[in-house]
Amino acid sequence: MPLGEQTGLSIDQSCPPPLEPLEGPQLPILLPSPASQVGADALEEGLRETGRVARVGAMLTVFLSDQAGFAAFHRRLREAGVLIAPSQDEAWFVSIAHTDEDVQRTLEAAR
């Protein structure tokens, strides 16, 4: 058997099995809720002067004009109990697991 074929077979045998598709109650948690969409709209509107919000589906990223501004924004959210990634180069994932109260608390802290 050629060396390339032997290598391919040994790699194939050492790989974990493929992931199973999500089913049942796990799947909807990945979908954005109406409240999270309204919240993302409000966040985008509120940051129009100092930055912008890029989003696709249930993911969003907040970009502020400078790192110091983002650091202050991050601190304000953290002090209000809203935990986000400490870098504006990372995405937020908003889903139906977030309640209307979660979205409202985030918006209030972001102001």
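The values are calculated or read from the model by the stated rules, or taken from the named source; none is laboratory data. As the structure is a prediction and not an experimental result, all values here were calculated from the model. Please note: Cβ atoms are built from the backbone with ideal geometry, for glycine as well, and neighbour counts cover all protein chains shown.
Flag not set for GLU5, criterion: in a helix (DSSP H, G or I) and modelled with pLDDT of 85 or more. Each residue in the stretch 57-101 was checked for being more than 17 Å from the chain's Cα centre (by Cα) and basic (Lys, Arg), and 2 pass. Does GLU108 meet the test of being among the charged types (D, E, K, R) and modelled with pLDDT under 85? In short, no. Looking across the stretch 56-80, just one residue is modelled with pLDDT of 90 or more and part of a loop (DSSP other than H, G, I, E, B), and that is ALA80. Close Cβ contacts (under 7 Å, 6 or more residues apart or on different chains) running from residues in the stretch 42-53 that are over 17 Å from ARG105 (Cβ atoms) to residues that are hydroxyl-bearing (Ser, Thr, Tyr) and surrounded by fewer than 14 Cβ atoms within 10 Å (Cβ to Cβ) comprise THR50/SER65; GLY51/SER65. Every residue in the stretch 55-98 that is among the polar types (S, T, N, Q) and either under 17 Å from ARG111 (Cβ atoms) or free of Cβ contacts under 8 Å to residues at least 40 places away in the same chain (or both), please. Listed by number, the residues that qualify are THR61, SER65, GLN67, SER87, GLN88. In this structure, ASP41 qualifies as modelled with pLDDT under 85 and acidic (Asp, Glu). Restricting attention to the stretch 67-103, the residues that are among the acidic types (Asp, Glu) and under 19 Å from GLY51 (Cα atoms) total 2.
With the condition kept exactly as written, say whether any residue in the stretch 86-93 is out of contact with any strand residue (DSSP E or B) (no Cβ under 9 Å at 6 or more places or on another chain), more than 15 Å from GLU44 (Cβ to Cβ) and either among the acidic types (Asp, Glu) or modelled with pLDDT under 85 (or both). So that I can check it myself, show each step before the final result.
Quick first cut of the stretch 86-93, residues out of contact with any strand residue (DSSP E or B) (no Cβ under 9 Å at 6 or more places or on another chain) only: 86-87.
Then drop every residue that is not more than 15 Å from GLU44 (Cβ to Cβ), which leaves 86-87.
Among the residues that remain, those that are also either among the acidic types (Asp, Glu) or modelled with pLDDT under 85 (or both) are: none.
No - not one qualifying residue is present in the stretch 86-93.
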